[in-house]
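Below is one structure, written out as structure tokens; the observations come after it.
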Amino acid sequence: MRVATFNINGINGRLGLLLEWLEETGPDVVCLQELKAPDDRFPADALEKAGYGAIWHGQKSWNGVAILQRGGQPVETRRGLPGDPDDSHSRYIEAAVNGVLVGCLYLPNGNPAPGPKFDYKLRWFERLRAHAQSLLKTELPVALVGDFNVMPTDLDVYKPERWRDDALFRPEVRQAYADLVAQGWTDAVRHLHPDERIYTFWKYWRNSFERDAGLRIDHFLLSPGLAKRLKSCGVDRQARAQDGSSDHAPVWVEFKAARKAS
């Protein structure tokens, strides 16, 4: 089973690119972020024609997350992250898909830091850690997938010294990510490539993609049982190279089939 994450940065403006990528690569499950569309503008019909069922949690102009399933319909288990009933941002959706519980997330950017947006990011991280702990207690195969807006280590950013004060790289954020992983999650890409510089995001300006001046901010965190099935992973850089692309590239993880109970 192949699961992918793709911050599409506006699903309707890049629908053609998304459909082309789906046809070329055929992932079984896709987590999308930054839909930037309200629920009634989500292109469910076009995705269905492409062979994908979908659930989504939209918001006008900002945020928005979705989970797609090839040849089926994700079974929604949660819409929105628990812990703050007044949070109106559409940043989390969760579903059972092909025997795996998938949490699709778009963590706040947090800039400028320090400030209210950064404080909101840290609070959101705290809520995510609490929910992630409850998911681990189920002992189900779980994947937390999406744009975490954090570079965990110096290896995840092209010039660390330029990013020390950014909300994606400040010590508080990296520690929050480390604390989350320490619950028992496996960072899939880093587990398979412990020493390799792998990027998933490149700014639009100054030829960042051509210079490979990137960041790794799109992650897969796997529960212990699911981590044992981890087979391979990669970044579809060709999708980022296209005209009119998102500033993120799709990232994917391949899993071995689950063992059947004897």
Kindly provide the set of residues from segment 170-221 that are aliphatic (A, V, I, L, M) and over 17 Å from the mean Cα position of the chain (by Cα), ordered by number.
A182, L192, A213
For segment 36-61, what are the residues that are closer than 15 Å to G80 by Cβ and either crowded, with 18+ Cβ neighbours inside 10 Å or among the hydrophobic types (A, V, I, L, M, F, W, C) (or both)?
I55, W56, H57, G58, Q59
Scanning segment 27-43 for residues that are under 20 Å from G103 (Cα atoms) and either aromatic (F, W, Y) or out of contact with any Gly (no Cβ under 7 Å at 6 or more places or on another chain) (or both) gives P27, D28, V29, V30, L32, F42
Pairs under 7 Å by beta carbon, first residue under 15 Å from I217 (Cα atoms) in segment 180-194, partner among the acidic types (D, E) and not in a helix (DSSP H, G or I), six or more apart or different chains?
V181/D187
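Given the condition in a loop (DSSP other than H, G, I, E, B) and of a type in the set (S, T, N, Q), answer yes or no: does some residue in segment 12-30 qualify? First the steps, then the outcome.
First, the residues of segment 12-30 that are in a loop (DSSP other than H, G, I, E, B): 12-14, 26-28.
Then drop every residue that is not of a type in the set (S, T, N, Q), which leaves 12.
The answer is yes; a qualifying residue exists.
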Scan of segment 52-69 for residues that are more than 11 Å from A95 (Cβ to Cβ) and touching a Leu at 6+ places or on another chain (Cβ under 8 Å), ordered by number
Y52, G58, Q59, N63, G64
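Among the listed residues G115, G146, G103, G110, identify the single one that is more than 19 Å from the chain's Cα centre (by Cα) and not basic (K, R).
Working: G146 fails: more than 19 Å from the chain's Cα centre (by Cα); G103 fails: more than 19 Å from the chain's Cα centre (by Cα); G110 fails: more than 19 Å from the chain's Cα centre (by Cα).
Testing whether each residue is more than 19 Å from the chain's Cα centre (by Cα) and not basic (K, R) leaves just G115.
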Residue set P112, P152; condition out of contact with any strand residue (DSSP E or B) (no Cβ under 9 Å at 6 or more places or on another chain), of a type outside the set (S, T, Y) and modelled with pLDDT of 95 or more; output residue P112
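Right, L101: touching a helix residue (DSSP H, G or I) at 6+ places or on another chain (Cβ under 9 Å), surrounded by 22 or more Cβ atoms within 10 Å (Cβ to Cβ) and closer than 26 Å to V150 by Cα or not? Give the steps one after another, and end with the answer.
Numbers: touching a helix residue (DSSP H, G or I) at 6+ places or on another chain (Cβ under 9 Å): yes; surrounded by 22 or more Cβ atoms within 10 Å (Cβ to Cβ): no; closer than 26 Å to V150 by Cα: yes.
When the stated conditions are applied, L101 does not pass them.
Only residues that are hydrophobic (A, V, I, L, M, F, W, C), under 13 Å from A66 (Cα atoms) and assigned to a loop (DSSP other than H, G, I, E, B): list them for segment 31-54, please.
L35, A37, F42
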Quick one: G80 ticks every box in (1) farther than 14 Å from F220 by Cα; (2) crowded, with 21+ Cβ neighbours inside 10 Å bar one, so which box is it?
(2)
Out of all the residues in segment 217-262, which are touching a Pro at 6+ places or on another chain (Cβ under 9 Å) and of a type in the set (S, T, Y)?
S223
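The values are calculated or read from the model by the stated rules, or taken from the named source; none is laboratory data. The model shown is predicted, which means the values in this text are computed figures rather than measured ones. Don't worry about glycine lacking a Cβ; one is built from the backbone with ideal geometry, like all the others, and counts go over all protein chains shown.
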